[in-house]
Amino acid sequence: MKVEALPVTKGNYNLEDYEQTYRNFDWSEVEKNFSFSETGRVNVAHEAIDRHADSARKNKVALYYRDSERDEKYTFKEMKDMSNKAGNILKQTCDVEKGDRVFIFMPRSPELYFAALGAIKLGAIVGPLFEAFMEGAVKDRLEDSEAKVIITTPALLNRIPLDDLPALKHVVLVGENVKEEGPYIDFNSRMKEASKKLQVEWVEKTDGLVLHYTSGSTGKPKGVLHVHNAMIQHYQTAKWVLDLKEEDVYWCTADPGWVTGTAYGIFGPWLVGASNVIVGGRFRPEAWYETIEDYGVSVWYSAPTAFRMLMGAGDEVVKKYDLSSLRHILSVGEPLNPEVIRWGVKVFNLRVHDTWWMTETGAQLICNYPALEIKPGSMGKPIPGVEAAIVDDQGNELPPYRMGNLAIKKGWPSMMHTIWNNKEKYESYFMPGDWYVSGDSAYMDEEGYFWFQGRIDDVIMTSGERVGPFEVESKLVEHPAVAEAGVIGKPDPVRGEIIKAFVALRDGHTASDELKEEIRQFVKRGLAAHAAPREIEFRDKLPKTRSGKIMRRVLKAWELDLPTGDLSTMED
Ligand code: ATP
Ligand code: MG
């Protein structure tokens, strides 16, 4: 299949220069950008905040924050002071020590970032939890990690079953009129009095930094431990892939409850000293465009589900805003439909750059970096210093265009350190030949671009053909009536499996048998007869994780009347 490549639309990027510079790239070179290469003292929070606060950059804005009630900004110097204060509270009132798990369960706010950085400064391991988690999900994670402290808000307190969590000693409450009794500590009052001076705890590069539970798309979430060494890759990919420069105003829309919201919502941007925009509250197209216009956002990192919603809101809305500050747009979390890329070029005159990675990989691995020609539908190429391949179930490399396991050669700096409390699970990711096996199915073309097909378990075998659900879904969303689509294989006595599509329609379209047939024909003509869904079911919306991923296993379970499994990360 020949795909028209999209050249760079803005900026002065030269692929040859880029590849020349990085041909002999060695990760150990990256350390030279950090102060620890000279002092031997390691702590990400120091490199991300204090190093800038103690430099000529100290009065530069590090954090712009806003939601429906607040509108604030903090310089690097102020971030240093506030995170030191938060660190002092955790140290003095909660006895937090190196290696302790400190969980943060609250909506986005500046305090969330002060607390996270403060905990990291003490050498603690931060466990961020998305605010929408219900009691069961919160309990599972606090229990598994044996968290000692949780930082939360009074409104969320009823979702923390204190009596069932013997390891949990302190509850730090961020809110008004907090009464300090029992395990409760009043964060805001104590922040007023806390000292701005804090001795950072120097750790080893292999000491714990964050504990992220995965999104739960394919099953029960796993506790993935990352260590301070990950900063090497956060820094370098922030430069190469996010293309961040110190003068940039950067906006990552991900919540820190997911790995994107820490790796590229905290570490990446601040390690390179950029200004970081954080927006609280719910998604609304107008508010999103306003954010870009008001702050002059130049680099924007979001997810396919958000782009599809913006696309669905129509092109007229875009025209009301001055978005000329934008220079670079990126996407992560789910396959990026070619339709979204074409829409991006139309409305922003910019390409949307897909980036592929997972909680376990800790940072970006396969990307459309700025100098690369984009083939819409491909997640790009491995970044310098990363070796990827498609392997069979024995770890043998497969030739171009053969679908198989997407695998990465071990040895990139941000690889997970372990799966918390589950060494067996950790070991199950590796195959002979030092391959880390992602659980995703993909193929590589003859130019070395990788093409995501679906989760390994979601690949459909129909009449002897292997069909990746992503290709079918992407074709479906090209149809003008289709807003979103989730595709599964449904067992069939004759064909092995048939393709079944669940489709949410765009506003203004009504479900009918004619429309089903029209959509079917559309896929048949645009993709292949064997890839056209034999069954289509219309639904108001598709089951998704809180991070916006379509949960195909839930569609399948519903369809086949099977148990749905862990639903702790599902949207309402
Ligand atoms: P769980 O592991 O709990 O089932 P999850 O895999 O969705 O959940 P994450 O680590 O948040 O949890 O997501 C990583 C997965 O997201 C990848 O394995 C891949 O399937 C998908 N993904 C991420 N980025 C991309 C991308 N650019 N293109 C296609 N898929 C992507
Ligand atoms: Mg996963």
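The values are calculated or read from the model by the stated rules, or taken from the named source; none is laboratory data. Predicted model only: the values in this text are computed from it and were never measured. Note that each Cβ is placed from the backbone with ideal geometry, even for glycine, and that neighbours are counted across all protein chains shown. Ligands, DNA and RNA are excluded from the accessible area calculation, which covers all protein heavy atoms including side chains. Shrake-Rupley method; radii C 1.70, N 1.55, O 1.52, S 1.80 Å.
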Seminar exercise, completed: Heads up, the strands (runs of 3 or more DSSP E) in segment 179-296 (entirely inside) with at least 1 residues that are within 23 Å of the chain's Cα centre (by Cα) and away from ligand 1 (no atom under 16 Å from the Cβ) are 208-213, 223-227, 249-252, 275-279
For this session: Go over the candidates GLU38, GLU19, GLU31 one by one and state the one that is in contact with a helix residue (DSSP H, G or I) (Cβ under 8 Å, 6 or more places away or on another chain) and more than 21 Å from ALA116 (Cα to Cα).
Result: GLU31
For this session: Test ASP207 against the criterion of being touching a Lys or Arg at 6+ places or on another chain (Cβ under 9 Å) and closer than 21 Å to ASN368 by Cα, and give yes or no.
Result: no
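Considering only segment 64-74, I want to know if a residue exists there that is open to solvent by less than 30 Å² (accessible area, probe 1.4 Å), under 26 Å from VAL126 (Cβ atoms), within 24 Å of the chain's Cα centre (by Cα) and not acidic (Asp, Glu).
Within segment 64-74, one or more residues are open to solvent by less than 30 Å² (accessible area, probe 1.4 Å), under 26 Å from VAL126 (Cβ atoms), within 24 Å of the chain's Cα centre (by Cα) and not acidic (Asp, Glu).
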Problem set entry | segment 7-24, subset surrounded by fewer than 13 Cβ atoms within 10 Å (Cβ to Cβ) and within 22 Å of GLY273 (Cβ to Cβ), residue modelled with the highest pLDDT | THR21
For this session: Output the residue which, of all residues in segment 500-538 that are acidic (Asp, Glu) and part of a strand (DSSP E or B), is farthest from GLY489 (Cα to Cα).
Result: GLU537
Seminar exercise, completed: All-but-one check, GLU47 against (1) of a type outside the set (A, V, I, L, M, F, W, C); (2) part of a helix (DSSP H, G or I); (3) over 30 Å from ALA137 (Cα atoms); (4) touching a Lys or Arg at 6+ places or on another chain (Cβ under 9 Å), failing number (4)
For this session: Give VAL554, VAL503, VAL523 a once-over and let me know the one that is closer than 17 Å to VAL487 by Cα and either of a type in the set (S, T, N, Q) or without any contact (Cβ under 8 Å) to a residue 24 or more places away in the chain (or both).
Result: VAL554
Problem set entry | Among (1) within 28 Å of the chain's Cα centre (by Cα); (2) surrounded by fewer than 20 Cβ atoms within 10 Å (Cβ to Cβ), the one test that ARG41 misses | (1)
Problem set entry | All positions within segment 241-251 that are open to solvent by 10 Å² or more (accessible area, probe 1.4 Å) and of a type in the set (A, V, I, L, M, F, W, C) | VAL249
For this session: Output the number of the condition that ARG284 fails; it satisfies all remaining conditions of (1) more than 28 Å from PRO382 (Cβ to Cβ); (2) without any contact (Cβ under 8 Å) to a residue 60 or more places away in the chain; (3) open to solvent by less than 20 Å² (accessible area, probe 1.4 Å).
Result: (3)
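Being under 26 Å from the mean Cα position of the chain (by Cα), modelled with pLDDT under 95 and farther than 22 Å from GLU131 by Cα is true for just one of THR564, THR545. Which residue is that?
THR564 is the lone residue from the list that is under 26 Å from the mean Cα position of the chain (by Cα), modelled with pLDDT under 95 and farther than 22 Å from GLU131 by Cα.
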Exercise. Does segment 75-91 hold any residues that are over 18 Å from ILE104 (Cα atoms) and open to solvent by 60 Å² or more (accessible area, probe 1.4 Å), and which are they?
Worked result: LYS77, GLU78
For this session: Could you give me the residue pairs with C-beta distances under 6 Å whose first residue belongs to segment 47-66 and is at negative phi, whose second residue is modelled with pLDDT under 95 and polar (S, T, N, Q) wherever it lies, and which are 6+ apart or on separate chains?
Result: ARG51/SER35
Exercise. Out of all the residues in segment 426-440, which are over 19 Å from the mean Cα position of the chain (by Cα), more than 15 Å from GLY362 (Cα to Cα) and surrounded by 14 or more Cβ atoms within 10 Å (Cβ to Cβ)?
Worked result: PHE430, MET431, GLY433, TRP435
For this session: Out of THR214, THR206, report the one residue that is over 21 Å from MET82 (Cβ atoms), among the polar types (S, T, N, Q) and open to solvent by 20 Å² or more (accessible area, probe 1.4 Å).
Result: THR206
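Does segment 505-512 contain at least one residue that is acidic (Asp, Glu), at pLDDT below 95, in contact with a Lys or Arg (Cβ under 8 Å, 6 or more places away or on another chain) and away from ligand 2 (no atom under 16 Å from the Cβ)?
Looking through segment 505-512, none of the residues is acidic (Asp, Glu), at pLDDT below 95, in contact with a Lys or Arg (Cβ under 8 Å, 6 or more places away or on another chain) and away from ligand 2 (no atom under 16 Å from the Cβ).
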Seminar exercise, completed: Exactly one of SER28, SER37 is in contact with an Asp or Glu (Cβ under 7 Å, 6 or more places away or on another chain), outside any loop (DSSP other than H, G, I, E, B) and without any contact (Cβ under 8 Å) to a residue 40 or more places away in the chain, and that residue is SER37
Exercise. For segment 452-499, which fully contained strands (runs of 3 or more DSSP E) count at least 2 residues that are at negative phi and open to solvent by 60 Å² or more (accessible area, probe 1.4 Å)?
Worked result: 465-467
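Condition check ((1) open to solvent by 70 Å² or more (accessible area, probe 1.4 Å); (2) within 30 Å of the chain's Cα centre (by Cα); (3) in the same structural domain as GLU135 (by the TED database)) across all residues:
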{"position": "GLU514", "(1), (2), (3)": "yes, no, no"}
{"position": "GLU517", "(1), (2), (3)": "yes, no, no"}
{"position": "ALA529", "(1), (2), (3)": "no, no, no"}
{"position": "GLU535", "(1), (2), (3)": "no, no, no"}
{"position": "ASP540", "(1), (2), (3)": "yes, yes, no"}
{"position": "VAL554", "(1), (2), (3)": "no, yes, no"}
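Scanning segment 355-411 for residues that are among the charged types (D, E, K, R) and away from ligand 1 (no atom under 15 Å from the Cβ), which turns out least open to solvent (accessible area, probe 1.4 Å)?
ASP392
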Exercise. How do the pairs read when you match residues in segment 354-374 that are in a loop (DSSP other than H, G, I, E, B) with residues anywhere that are more than 15 Å from ligand 2 (Cβ to nearest atom) and among the hydroxyl-bearing types (Ser, Thr, Tyr), using Cβ under 6 Å and keeping only pairs 6 or more apart or on different chains?
Worked result: GLY362/SER414; ALA363/THR237; ALA363/SER414; GLN364/THR237; GLN364/THR355; PRO370/TYR13; ALA371/TYR13; ALA371/TYR18
Problem set entry | Output for segment 377-396, where each listed residue is among the β-branched types (Val, Ile, Thr) and more than 19 Å from GLY439 (Cβ to Cβ) | ILE383
For this session: Using the structure shown, decide if VAL482 is touching a strand residue (DSSP E or B) at 6+ places or on another chain (Cβ under 7 Å), closer than 23 Å to PRO400 by Cα and away from ligand 2 (no atom under 16 Å from the Cβ).
Result: no
Exercise. Hey, MET415 hits all of (1) at pLDDT below 95; (2) more than 24 Å from LEU15 (Cα to Cα) but one; which does it fall short on?
Worked result: (1)
Exercise. Just checking, which of GLY182, GLY223, GLY175 is among the small types (Gly, Ala, Ser), farther than 22 Å from SER109 by Cα and away from ligand 2 (no atom under 16 Å from the Cβ)?
Worked result: GLY182
